[in-house]
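What follows draws every value from the coordinates through simple rules; no lab data is involved. Quick caveat: nothing in here was measured; it's all calculated off a predicted structure. Ideal geometry is used to build each Cβ from the backbone, glycine not excepted, and the neighbour counts take in all protein chains shown.
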Amino acid sequence: MSWALAIDNNSFKDSRPLQELRPIIERLKAVFGLRALATILNTDAGNLSRFLSGRRALSDQVARRSVDLDHVLMRAALIFEPDVIPDWLTGNEPFLRHARPIDVLAVHGAGPLIVALDGIAAGSYA
């Protein structure tokens, strides 16, 4: 069965779970800690804390960065051992023209990092 055949008008009866950012922020906070996560997302730790307590919404930009970071970390975890992921994020990646993945993520989003991770997983060389 193709993906297209599996998706119909009834597939998205309730899209609220797709819009829920709290589990993503909690997972990222567990990985990085609140202050480091705030720095990575280019926001204030107080903003994240207030969001997690339900007293504040995230800006669209911080929400997008959170989803992108989570996506990249989940994909990286399928390829690397956990202790390698921080080094990969902050090291020079040949698939990204030797830029740091964390910097590319901040400027261009998850797309280029996913392409790089796919190349690494396939055993390709940049």
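General remarks:
- Checking every one of the trypsin sites (Lys or Arg not before Pro) in the range 64-120 against DSSP loop status and a limit of 14 other Cβ atoms within 10 Å picks out Arg97.
- Relative contact order (%) - criterion: Cα under 8 Å, at least six apart; region: the chain: 17 percent
- The residue list Ile85, Leu21, Asn47 was ranked by how far each Cα lies along the charge dipole of the chain toward its positive end, using unit charges on Cβ atoms, and Asn47 comes out on top.
- Kirkwood analysis of the Cα pair distances in the range 16-121 returns a hydrodynamic radius of 14.2 Å.
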